[in-house]
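Below is one structure; the comments refer to it alone.
The values are calculated or read from the model by the stated rules, or taken from the named source; none is laboratory data. Being a predicted model, the structure only gives us computed values, none of them experimental. Here Cβ is always computed from backbone atoms with ideal geometry, including for glycine, and neighbour counts include all displayed protein chains.
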Amino acid sequence: MQSLFSINTLGVLAASALASGIAAAQTQSSSSSSSSSSCSSSSAPSSPLPALACSVSSAGSWAQGYQAAVDVTNVSDRAIDSWQVYLMLDSGHTIDHSWNVLLDRDHSDFTARNASWNGRLQPGESASFGLLGRHPGAFVMPQCSAMPEPNADFTVAEHGFTVQAKLAKEPQSNWQYRIDFGDGEVIYHHDAWHTYAEPGVYSIVVTARSGHHTVTREQQVSVQVVNADNRAPVARTYVDVPYGGSPNISDGLSYDLDGQALTRQWQTTRWINSSYSVLTVSDGALSDTAQTSNPVPCGGGYHSSVYANLNYEVDGRTVLFDAHESYGAELLLEYGDGVSTSRVVTSHTYDQPGEYEVRLRVFGGPYSDYLSQTIVIE
């Protein structure tokens, strides 16, 4: 496969080489990044602290039964019209009766909501409700929280070198999630795809946060070489912040080495005090996930580098073009016969033999980079 590298748009050639019959001219693009502001880190409020506090006290326990009282207090600086807290019971414990509260059960956990008459609480005011239940012989006091303990249980689907780690239960909008694939790749989302570079055993760790609660789960995966016709796509992001404007975040020339069309799905997530844009691209069978931190608009701006790079291979009248080593927000590849494409990896069949001038343009923010090469079709 022949390689074309970006020629500096100022016309300064940085290097040239001939190796193994492959001609290359490589330069540093004139579209290198510039910055007029240090405000490039992202910031977002972390999960809000609960406006409620709750406590459990025992009114008595006996051989296999107990009675408990729960106090819910408004610890905010404003009145609230309703409240909801969460009860966690130890193994073998039940709640058989309750009063002054509405309960919803999920296995050994309960969601407790105010009744119609005790939902409104002024700052510092409390509401109380009671529980009557059974225990297996050794009573353990129920635990109460203004926020539920987050769930980090997850499943892993393996497809050769490509895996999908996904939360086992429905994610909660006020929880935060972090997936560590064990090879340095971390995605702040509850559902992410990743392709490993090497076979081996990797530990995937999922962390979920909710208020003061943090829960971690871990699974090992054994990644092995498989013979597959389909290769996973690659997700890429690109960020440009115009001076004094809002950030522009694009898919940054995501591509599929097999030339398949991709669908794209964006999500905005948070982790502690940072905000992220998470992109998953899919070819219909396999996917890949990438992310970028969301810059904070603060009057400044910066522009990421843009450069063009193109490899190609001629097979008769069909040419495989591969521009995945380019970097920018979008590209335009002109085949020289009046046809063009915005795909990063693609093939093109020429109708007639001859010489064609192929042009590649890559764009990002105020910058662009360009290269051209004449190819011969016999």
Checklist entry - So, of the residues in the range 347-360 that are surrounded by 19 or more Cβ atoms within 10 Å (Cβ to Cβ) and touching a residue at least 40 places away in the same chain (Cβ under 8 Å), which turns out to be farthest from S254 (Cα to Cα)? => result V358
Next on the checklist: Given the criterion aromatic (F, W, Y) and within 17 Å of D90 (Cα to Cα), identify the matching residue among F161, F154, F129, F110.
Outcome noted: F110
Checklist outcome for this item: Those residues of the range 263-292 which are of a type in the set (A, V, I, L, M) and within 19 Å of D229 (Cβ to Cβ) amount to V281, A285, L286
Checklist outcome for this item: For the range 98-111, the count of residues that are under 39 Å from the mean Cα position of the chain (by Cα) and either at pLDDT 95 or above or hydroxyl-bearing (S, T, Y) (or both) equals 5
Checklist entry - Condition test on D283, is it surrounded by fewer than 17 Cβ atoms within 10 Å (Cβ to Cβ), within 24 Å of E185 (Cα to Cα) and within 24 Å of the chain's Cα centre (by Cα)? => result no
Checklist entry - Within the range 70-121, which strands (runs of 3 or more DSSP E) (wholly inside it) include 2 or more residues that are farther than 13 Å from S145 by Cα and out of contact with any helix residue (DSSP H, G or I) (no Cβ under 8 Å at 6 or more places or on another chain)? => result 97-99, 101-106
Checklist outcome for this item: Flagged pairs (Cβ under 7 angstrom, 6 or more apart or on separate chains; first in the range 325-340, crowded, with 19+ Cβ neighbours inside 10 Å; second of a type in the set (D, E) and not in a loop (DSSP other than H, G, I, E, B)) are A329/D240; G336/E357
Item to check | Selection within the range 243-258 - within 11 Å of P295 (Cβ to Cβ) and either at pLDDT 90 or above or not in a loop (DSSP other than H, G, I, E, B) (or both) | outcome: N248, I249
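Per-residue answers, yes or no, for (1) assigned to a strand (DSSP E or B); (2) in the same structural domain as Y177 (by TED's automatic domain parsing); (3) modelled with pLDDT of 95 or more; (4) of a type in the set (V, I, T):
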residue	(1), (2), (3), (4)
S275	yes, yes, no, no
T289	yes, yes, yes, yes
L331	yes, no, yes, no
D337	no, no, yes, no
R343	no, no, no, no
S347	yes, no, no, no
D351	no, no, yes, no
Checklist entry - Which members of the range 218-237 meet the condition of being hydrophobic (A, V, I, L, M, F, W, C) and surrounded by fewer than 16 Cβ atoms within 10 Å (Cβ to Cβ)? => result V225, V226, A228
Checklist entry - Taking the stated definitions as given, is D240 of a type in the set (D, E, K, R), loosely packed, with under 13 Cβ neighbours inside 10 Å, farther than 19 Å from F154 by Cβ and modelled with pLDDT under 90? => result no
Item to check | Extreme residue, farthest from S277 (Cα to Cα), among residues of the range 202-217 that are without any contact (Cβ under 8 Å) to a residue 60 or more places away in the chain and surrounded by 14 or more Cβ atoms within 10 Å (Cβ to Cβ) | outcome: Y202
Item to check | Positions within the range 133-159 being modelled with pLDDT under 90 and small (G, A, S), in sequence order | outcome: S145, A146
Checklist entry - If you go through the range 306-325 one residue at a time, do you hit one that is closer than 30 Å to V205 by Cβ, within 23 Å of the chain's Cα centre (by Cα) and not assigned by TED's automatic domain parsing to the domain that holds A192? => result yes
Checklist entry - Could you list, in sequence order, the residues of the range 160-201 that are crowded, with 17+ Cβ neighbours inside 10 Å, part of a loop (DSSP other than H, G, I, E, B), touching a strand residue (DSSP E or B) at 6+ places or on another chain (Cβ under 6 Å) and at pLDDT below 95? => result F161, W175
Next on the checklist: Can you find, within the range 291-323, the residue that is surrounded by the fewest Cβ atoms within 10 Å (Cβ to Cβ) among those that are of a type in the set (S, T, Y) and modelled with pLDDT of 95 or more?
Outcome noted: T318
Checklist entry - Which of the residues that make up the range 259-274 are surrounded by fewer than 17 Cβ atoms within 10 Å (Cβ to Cβ), hydrophobic (A, V, I, L, M, F, W, C) and over 19 Å from D322 (Cα atoms)? => result W266, I272
